[in-house]
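Contents: one structure, followed by commentary.
The values are calculated or read from the model by the stated rules, or taken from the named source; none is laboratory data. Please read these numbers as outputs of a predicted model, since none were measured by experiment. No Cβ is skipped: glycine too gets one built from the backbone with ideal geometry, and neighbour counts run over all protein chains shown.
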Amino acid sequence: MKPVGEPDAGNLHVRFDERGRETERLPYGSSYRARPRLYPASGEREFTAIAAPPVTAFPETAIGLPIRARLIRGFENLRQEWLRGIILGAAVVIVGWLVFYPLGILFDIGLRAEDGSLTLTNYRSVFSEPGLVSALINSIVISVATTALSLVLALPMAWAVARVDMPGRQFVRVAALVAFVIPNFISVIAWILLLGPNAGLINVLIRDALGIVSAFNIYSIGGLILVLTLSFYPLIFFAVAAALDNMDPAYEEAAQMVGAPAWRSSIGIALPLVLPALVSSSVFVFLEAMGAFGAPAAIGHGAHFHTLTTKIYELFSYPPRFELAAAAAAPIIGFTILGLMLQRQALGGRRFTVIGGKRSAARAVDIGWRRWLLFGYCMLVIFASVVLPLLILLRTSVLSRWGLALTWQNLTFKNYLAFATPSMIVPTALLNSMIVSAPPTAFPSPSCSCARASSSCRPTLRRPRGSRAPPGRARSSTLPRPSLRPGSSPPG
């Protein structure tokens, strides 16, 4: 009886006894046992190697090395672990000082009464006082509606620039970046100039052409949702577009080869793979809308309604109610934690990993004349979020008097001279803005930098210079899969 098989890449030394059983242990600390299988026709047996539980825990690179090399490696690993511990400790201190320390002060103030005693009255007032309850409801409605409309705007644009042979895809990416860079406080000024109920440019044009008075009113919850949606949809757009760019299009092409239409393959294959990016960006948009202040302050003041952020700001006015303002910030923190929990629940702890080889280059899908519909849709969104606000701001900046027609007599550049006039507040405000924005730009996220540095300080097993690999062992740290092919014999 002759056993059939041979080792992979000359790394497995397998010996059999007279009964056809393996007797020698493999060099990687794993043992293998042979399972005989009888061929019905010839009676010859084939021995197939089956992995058994490992019996040793020695790393492959540490076996066969001299004692001095082992000591050097041990000290090197200890030094790297010590450095990693210092970096992680610094990151914890920085995060604690920037995040947990202010939160602790906030909750401490919210738990104090006017005489300094501990109480929960302030937190009960958040859910019982009419002004705070309406502000909380308005914030939830605005945040949910902003997230839903941002998905409607961003998803078709992301699929168009990442998967469709639509013209101007790079222009759409750049324009979406510009829309994200423009602060929502600047955008809301532009939309007030456009959709103001009395002197808004669009309302004036409609009134002159159709006789309709105040066709649109930006001073409403709907107007605030519009401004926030046009400011925050790029967050979802960039997240989903990046996920689609990094996904191998071969899976969608395989679905289309078996007859699935392009939209079916995108929904059935691409959507589950980009679900983590979609859920994370949606939660981010919800929290950004919940914490927005500039646009709600500008619109809510004229429409006589509050959100949580504007209500907190009002509580600081005379007479100040610091304890109630600190307690009113708790729902925003709670929604942040709830959003993270919902994100984890939606993903279900699943790992969205595609196992495959080298990713092929993405190939744009030809959808025929419908690509021009997508192009027109993207241009409409860009026009509403970038072109129209910038044009109205530029037009207003060169007018001598707002409300008069754009004529040569009404044109002026004196408004831009305010940047160079020391007696005006504009130079000081511009300098303050540059000073405030300089530190975050020069030192971005120190805790993230520490975490990144600590991940690069993981111990790496290196072979000392001049040493050789132990005989009979593979140079790769990956254990090859043993296979016994018919027609070959094990090494003697």
ask   = Quick one: what pairs do we get from the range 327-338, first residue under 15 Å from residue 111 (Cβ atoms) and touching a residue at least 40 places away in the same chain (Cβ under 8 Å), second buried (at least 17 other Cβ atoms within 10 Å of the Cβ) and β-branched (Val, Ile, Thr), C-beta under 8 Å, 6+ apart or different chains?
value = 327/126; 328/126; 328/312; 329/312; 330/126
remark   = Matching residues in the range 381-413 (among the small types (Gly, Ala, Ser) and either under 24 Å from residue 184 (Cβ atoms) or not in a loop (DSSP other than H, G, I, E, B) (or both)) number 3
message = Restricting to the range 227-243, give me the number of residues that are surrounded by 23 or more Cβ atoms within 10 Å (Cβ to Cβ) and touching a Ser or Thr at 6+ places or on another chain (Cβ under 9 Å).
response = 11
key: Which listed residue is in a loop (DSSP other than H, G, I, E, B) and either aromatic (Phe, Trp, Tyr) or buried (at least 22 other Cβ atoms within 10 Å of the Cβ) (or both), from 157, 166   = 166
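Here's the yes/no breakdown for (1) at pLDDT 85 or above; (2) within 25 Å of residue 190 (Cα to Cα); (3) outside the structural domain of residue 174 (by TED's automatic domain parsing); (4) in contact with a Phe, Trp or Tyr (Cβ under 6 Å, 6 or more places away or on another chain):
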residue: 359; (1), (2), (3), (4): no, no, no, no
residue: 367; (1), (2), (3), (4): no, no, no, no
residue: 371; (1), (2), (3), (4): no, no, no, no
residue: 374; (1), (2), (3), (4): yes, no, no, no
residue: 415; (1), (2), (3), (4): no, yes, yes, no
residue: 426; (1), (2), (3), (4): no, yes, yes, yes
residue: 431; (1), (2), (3), (4): no, yes, yes, no
ask   = Do any residues in the range 209-230 that are more than 28 Å from residue 157 (Cβ to Cβ) and at pLDDT below 90 have Cβ atoms under 9 Å from those of residues that are among the basic types (Lys, Arg) and surrounded by 13 or more Cβ atoms within 10 Å (Cβ to Cβ), where the two are at least six apart or on different chains, and which pairs are they?
value = 213/207; 214/207
key: Hits in the range 313-349 (condition: among the hydrophobic types (A, V, I, L, M, F, W, C) and either at pLDDT 90 or above or not in a helix (DSSP H, G or I) (or both))   = 316, 329
task = Could you please let me know if residue 143 is among the polar types (S, T, N, Q) and more than 28 Å from the chain's Cα centre (by Cα)?
result = no
Selected residue [farther than 19 Å from residue 291 by Cα and in contact (Cβ under 8 Å) with a residue 24 or more places away in the chain] from 143, 125, 139, 134 = 125
message = Exactly one of these conditions fails for residue 253: (1) over 22 Å from residue 394 (Cβ atoms); (2) out of contact with any Lys or Arg (no Cβ under 8 Å at 6 or more places or on another chain). Give me its number.
response = (2)
key: Only listed residue being aliphatic (A, V, I, L, M), assigned by TED's automatic domain parsing to the domain that holds residue 310 and in a helix (DSSP H, G or I), chosen from 212, 189   = 189
ask   = Any idea which residue in the range 184-223 is surrounded by the most Cβ atoms within 10 Å (Cβ to Cβ), counting only those that are hydroxyl-bearing (Ser, Thr, Tyr) and within 31 Å of the chain's Cα centre (by Cα)?
value = 187
request  = Would you point out the residue of the range 156-206, among those that are modelled with pLDDT of 90 or more and small (Gly, Ala, Ser), that is farthest from residue 275 (Cα to Cα)?
outcome  = 190
ask   = Out of all the residues in the range 304-320, is one or more out of contact with any Pro (no Cβ under 7 Å at 6 or more places or on another chain), surrounded by 17 or more Cβ atoms within 10 Å (Cβ to Cβ) and of a type in the set (Gly, Ala, Ser)?
value = no
key: Members of the range 169-183 found to be assigned to a helix (DSSP H, G or I) and more than 19 Å from the chain's Cα centre (by Cα), listed by number   = 169, 170, 171, 172, 175
task = Looking at (1) assigned by TED's automatic domain parsing to the domain that holds residue 229; (2) surrounded by fewer than 17 Cβ atoms within 10 Å (Cβ to Cβ); (3) closer than 30 Å to residue 277 by Cβ, find the lone condition where residue 127 falls short.
result = (3)
task = Answer yes or no as to whether residue 75 is part of a helix (DSSP H, G or I) and modelled with pLDDT of 75 or more.
result = no
query = Does residue 198 satisfy the condition of being on the phi < 0 side of the Ramachandran plot and touching a Leu at 6+ places or on another chain (Cβ under 7 Å)?
reply = no
